[in-house]
Structures are given as C-alpha cells and as structure tokens.
Amino acid sequence: MTKRQFIKGNLFILITGILFATSCSQNDPTKYVDPNIGGVAPLLTTKTPTVHRPNSMVRVFPVTEPGLNDRFLSDKIYGFALNMPAYRMGHVSELMPYHGEVHTDRNTTAAFYDHDLEEVHPWYHKVLLEEPDIITEWTTTERAVLYRFDFSEKNSNHIILRTRGNSHIKINDNTISGWEEFQNTRQYFFIESNLPAMESGFIQSDEFQAEISEISGKELIAFYSFAKLETPVELRIGISYISSEQARQNLTNETKSKSFEDIKQEGYQIWKNALGKIRVEGGTERQKRIFYTSLYRSHERMVNISEEGKYYSGYDRKVHKSDSRPFYVDDWLWDTFRSLHPLGLILHPEKEADMVQSYIRMYEQDGWMPGFPQFYGDFPAMIGFHSAALVWDTYQKGIQNFDVEKAYEGLKKNAMEGTMLPWRTGPMCSLDSFYLENGWYPALEEGEEETVSEVHSFEKRQAVALTLEHSYDDWCLAQLAKALNKHSDYEYFMERSQNYRNVYNPETGFMSPKKANGEWVPDFDPQLSGGIGSRMYFAENNSWIWTFNVLHDIDGLIVLMGGEETFVNRLDRLFNQPTEIAKWQFMGQFPDATGLHGMFPAGNEPAFHVPYLYNYAGQPWKTQYRIRQVMDLWFDDSPLGLSGDEDGGSMCSWYVLSAMGFYPVTPGTGIYAIGSPFFEKVEIDLPNGKIFTIKADNNSNRNKYIQSAKLNGQEINRPWLTHNEIMNGGVFKLEMGERANKNWGTDTDWYWENAIK
C-alpha cells in the first residue's frame, strides 16, 4: 500500500466516522479522547498514548526514541510493547516488523512515522511505518494484545521479538512462548500467528539460527519471516504473571473465535460505556477534549492481575486463589488518594472495595501495608502511608466490603513500627523513634552531614513534609479507630494528628524545619532552603505550598495563621509570589514545581487542594476565580496539555472533578469543596442507578462566579457538597454571573458542624 493509498483510506475512515458521529452518536464521549495529549512534558515525565481497557492488566504503546522522554517528538518507532507491567516503569519485550535484509540493530530496524497519519484511541492505535511501508494496528483485551501488520511488499518480510532482561523463548510452528524477568518477577507470553512463517528461529550475531527451538539469556531476538503474503499478518499475544500456559489460556479465553475487528469494536463499546458515565453539555470543544481525555487517563490504575480465579503476588512470590474477587496492583498512593480514588468511589465503589481488599492481601503476604504496590511487590516511594487515607475514605463512604479489622491491624503496624523515611520501607529507625517521642521529624541544618545511614542519599529527610503527611494519615487512622470502637487508639492518633503544629513557626508564618534540640533551623528561607526540591525539609516543593498541607485540620491552620483574613491574604500572596532568583534557576532547583503560578505549582500534587481553601475562610468567590484561572491556563488539548507529572490518573482525576465543579479537599470527611464548573450541565450516572446533575445556568468563560445555588430545589449558602448528597442523586443548580457574589457561600459554620472531627 502506498502512502497516498494510506492517506486516502484514512480520509475515507475519517469522513465516514464524522458522518456516523453526526447522525448516530452526538453524545459519544470517545470522540473527544486524544491519548497524545501530554505527549510533551513541561519539564519531567510525559504521557504515553496507551491502548488498554479500564484498569486492565495489558497496556501497550509504540516504543519511540530511546532516552527522548517527550515521546510525541520522536519521529521513529523502534518497536511495539508486549505490555507495561508497572506504570511509567517501561515495557517488557517488544515486536518490530521490517522488510528486506535481516538486522538486529534497533536503529536499523526503526521506522519513520507521522502523527498526522496515525489513528489513536483508548482501544485502538494505527500507524504507518513509512520507510518499510508497513501499516501496524493494535487493540487489546484485558490480558491480551492483538497486533496486525500489513506489509506492502509480499516477500522478505520479518517480525522480530526482542527481550531486554533475563528471558526464555520457545518457538513451535506458528507460536512463540516464553518469559522475561522484570524487577525479579516474570512476565510470561504466548504469541500465535494467523499465518505460517516461511522461516522462524533466532538471530545471534546477525545470523539466523533456525535449527534450534529454545533459547535463554538476555537481549534475545526471535523472528518470523514471511513470503507471498496476500493478507496482513496478525499476532495474538496472551500475557500472564503465572505461566506461559496461563498466557495461552488467557488468550483463548478472551479472543476465542473473535476477529480483530470484533475485539476492536468490543473495546470501543467498553470505553464508550465507561466514559459515558459522565455526560457534559456546554463548554468548549477544547474543554471537552481535555475533560474526556482526563477521564480516560483516570482508568489506567489500579490494574486487575487476576487470571482465571488466581493471581501471582510479588509480595510473597506465590500464586494465590482469588475466589471471585480480583487482585489489584499498581498504585501510587502519595497522590492517588487525593482525587483518583475519590473519583472511583463515585463512579465504581465496588471496584474500589476490591482495591482496598487487595491492599489487605498484600499486608497479609508481606507484613507491611504498602503504599506503592506493583505486580512485583511494593515500590517504596515518596512519603506518608496514605493507605490509611484510602481505607478510611472508602469505609466512611459506606463501602465496607473488605476486612476492615485486618486493614486496621496493618495500618496500625505501619504507624507504630514502620519507618517514615522517604523512599524506604521496613522497620523504624532512630529518626522514627524520635518522632514518636517528640512529635516532629528532626531536621539538619543546611550543609550539616547526615548521621543516619538509612536516609536516602538524594531524597534526604524531608523532615517537615513527613511531619505534615503523617499528621493527616494519623487523623485518618484515628477516625477508623473510632468507627471500630477502639477509643484509646482514637485518642492516641488524634493527639498525633496535631503534630503539624510542632513545625509551624509563628514568627514567620511558615511550616519550618526544627532541629532535634527543639530549635528552628537558622536562616531558613521558605522559598529556597533545602536543596534540590527542598528535599532536606519538604517533598518536591518549598514551604510556600507545604504550609497549606494540613488537610485534616484546616480550621486549626487558619487559627495558627491568625484568622481568616490573614489566611486569605497568605493564599493571595502564594499565587502572586515571585521567585527570589531567576525563574530558570528556580526551576533548576525545583523541577517538580511545574505549572508555576506564583509559588503555586499547578503540576504537582500537594497543590491540588489549595485553590479550594478560600472556601474555608469565607471567600469562595476567590476559589471560583482561582480554579478557573489555573485550569484554563495550565491544561490544554495539545501534546503540551499537561502541566506536570500525571502519575497515572492523579492530575487528570483532579481535572475531571474540578471541571464538574467540586473537589475532595480532605479525603475522609465525605465533603467536597465547590469550585466553578466548566460546563452548563453535567450528569453523573451513579452505580445505584440514580443520576446526580450539576446545572450551571448562564455559565461561560466570563460567567464563572456562582450567584446562587439550590440543591434539589432548596437554597444553600455553603460552598460544599457531601458524598451522600451526590450519591443520593438529584439536581445541584447554580446561577452563574460575571461578577463575584461575595455574599454567597459564606456559611463556614456548616463545614465545622458537619466535618468529621
């Protein structure tokens, strides 16, 4: 097929697709999804256009220029992934079609491609490899991926399979099976071709090895060669973490007699249903593209790795029976507790219950409640033990289909015996013992040599952020203890939840590092002290943003700062504070603080809740102003459309919730702060069959301010909704205007009376 034929065919598909969408599917949300959004990072990590099904084990994508993290900028494809076992941690094994002489060098077999000629959806991806003139398409099921290669030349065509780590491959007629190790765990595969190969075997030192059928080692290359092709070559691949035979069974179970087009259509319908749980009207086409792409990205993790009623656990390296309940892995709780899991508790709470139960199983198998579970075991990262937030937020929202006593056992063990050190896991060290006795994590002066060997050489102590994060986690644990009638535990953890006060310096008004002797670290600069990412004292950001990270006791923080007026002034200053050094120098020190808006980093997770804090000080109109400003400025529908590290749904779920008009500032209270919805109408299909509707009359980019609000016909003057109010269904009606109504939403007493204490 020539390039002209490819373009002509794509134009036909595009035109017929537009006609179909216009005549039959005006409300099809999938047409707004562009997986290439975020393909160029503002500074650090980027997004991959991933084909998968919601929360599924198999996630695939084209492998682009090695080392070029901005994947959208790559003009060559080097291979096609068999799977991504752990989010943002690379792929395991890859395929590559090519034509002509046999080569093993990846640079030689890499093929040019053009984004203008690709078709990409959550369920299907198609590219033209221009130099070898090969059309490549792929689609997935839960545990399998189907690749289809249409070679323009009929002879001298090859498909090679490359592994990177320790591997084993076996070729048998038209099948290839084997495994590759990743993080000391094996991913098994079973590949089946629809056409017989003219020749198959292995390539070593650029030589065919067709006389052997099995090989082991690292960086292996297997091949299929085809001649006299009349139809595309289709490779169907089953994936398993249990065995090659289970991979074959997964493939059989999920593809059976279905054609490529059948599975593609099935994937489309699954995504249409998943994204269609939220319907929006009004707003701009740009806002809809950002919104529905964000909703798609909110279904990437956690992932279900159960296979026919069993699963492999990287926590004890064993295969377990899972009854009828799936086992989920791949989470990043430092940020997913903030908005990804809360969004899931609205859209699919039973799935969230299974995720919590999966955490409990991990604890039973490993002895610690993990924070960053992968399929190969826990990946200790960041700070806090936000499994406490996940468990309590789920439980208090009435989703209690999990072993809560066992969950509490694991959480308490983490709180009483586990280390708080950044990027570490396991038992306590001397710094943790100091924290339990004194109530703050001791900091060093800048330039002072580290004395505790367990401290990560790059991540440092992050002493102030640790104190703040664990204060919130202890509050969550206290609430769970109270619900389980563990009253002495409740009192103990509630007292610990106030430890954040120990690192608030009233002289400066900032959360500040305190030494072991109780003295403040001298000459502390809340903007620049602490080294790269201010990691001596904070996590990725400086004290300007971390000072507002008291999620569980906002009224206490307001009092510490001197009252509502001072609190609001500090928020205003945050959004307008200039850098003390040149911006390029500042970003060099704080590469995670992307989307920098004054000292507010729109692209980093500890900032997500901050625009909503005006609600708590009686000025919700400023929340409405800020949230519209931040979302419109720092999110877009282009490859440059994400303001920071997305982290598998964390940032995108923040956008989804905020665009609908509310956000859970404090997971665990069951209360959402109201912002300013982007759309005139939002309908959320709830799992109980009810619908919650947000109507924003006269809404526009200009009319962003709430003039009045009614919930099911009753006037309300509070800038909050409860989880129960949403889940009971009904209509939340807003009147919007271009000038702020500074009298609406000023009933702050409602929050202090209704929030969980």
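All of the numbers you see were taken from the coordinates with simple rules; none came from a lab. Everything quoted here is computed from the prediction, not taken from an experiment. As a convention, Cβ positions derive from the backbone with ideal geometry for all residues, glycine included, and neighbour counts pool all protein chains shown.
For region 378-465, applying the loop criterion from DSSP together with a ceiling of 11 other beta carbons within 10 Å to the chymotrypsin sites (Phe, Trp or Tyr not before Pro) yields Phe458.
Using 0.36 nm per residue and subtracting the Cα-Cα separation, the extra length available between Leu484 and Arg286 on full extension is 66.6 nm. Cβ-to-Cβ counts within 10 Å put Tyr78, Tyr663, Tyr188 in ascending order as Tyr78, Tyr188, Tyr663, the fewest first.
The share of C-alpha pairs in region 142-300 whose separation exceeds 30 Å stands at 31 percent. By the Cα gyration tensor, the chain has an equivalent ellipsoid whose semi-axes, rounded to whole angstrom, run 45, 30, 24 from largest to smallest.
Highest mean first, the peptides 649-662, 619-632 sorted by other C-beta atoms within 10 Å per residue fall in the order 649-662, 619-632. Overall, the anisotropy analysis places region 33-275 in the rounded class: the square-rooted eigenvalues a ≥ b ≥ c of its C-alpha gyration tensor yield a/c less than 1.5. Could you please report the charge total around Ser471, scoring K, R as +1 and D, E as -1 over all other residues with beta-carbon less than 12 angstrom from its beta-carbon? Residues close to Ser471 contribute a combined charge of -3. Sort region 295-418 into rounded, prolate or oblate with this rule: let a ≥ b ≥ c be the square roots of the eigenvalues of the Cα gyration tensor; rounded if a/c is under 1.5, and if a/c is not under 1.5, prolate when a/b is larger than b/c, oblate otherwise. Here region 295-418 falls in the rounded category.
Within the chain, helices built from complete DSSP H runs that reach 27 Å or longer along their own axis (Cα positions) and carry a mean Kyte-Doolittle hydropathy of -0.5 or higher are 3-24, 463-483.
Cross-link pairs exceeding 26 Å between alpha carbons, from the set Lys264/Lys351; Lys482/Lys742; Lys397/Lys622; Lys413/Lys482; Lys126/Lys272; Lys460/Lys622: Lys482/Lys742; Lys397/Lys622; Lys460/Lys622.
Count Lys and Arg as plus one, Asp and Glu as minus one, and take only other residues whose Cβ is under 13 Å from that of Lys757; the net charge is then -3. Residues Thr419, Thr284, ranked from the fewest to the most other C-beta atoms within 10 Å, line up as Thr284, Thr419. Let me know the shape class of region 609-757, please: from the alpha-carbon gyration tensor, a ≥ b ≥ c as square roots of the eigenvalues, rounded when a/c is under 1.5, otherwise prolate if a/b is greater than b/c, or oblate. It comes out rounded by the Cα gyration axes. Between Phe112 and Ser259, the C-beta separation translates, for a Förster distance of 30 Å, into a calculated FRET efficiency of about 0.50. Taking a Cβ cut-off of under 10 Å around Lys460, the surrounding Lys, Arg, Asp and Glu residues balance to a net charge of 0, with basic ones at +1 and acidic ones at -1. Each helix, a run of at least 4 DSSP H residues, gives -39500 (n - 2.57); summed and divided by the residues of the chain, these come to -9000 deg cm²/dmol at 222 nm. The share of Cα pairs per 10 Å bin across region 486-603, counted from zero up to the longest distance, runs 12, 41, 33, 11, 2, 0 percent.
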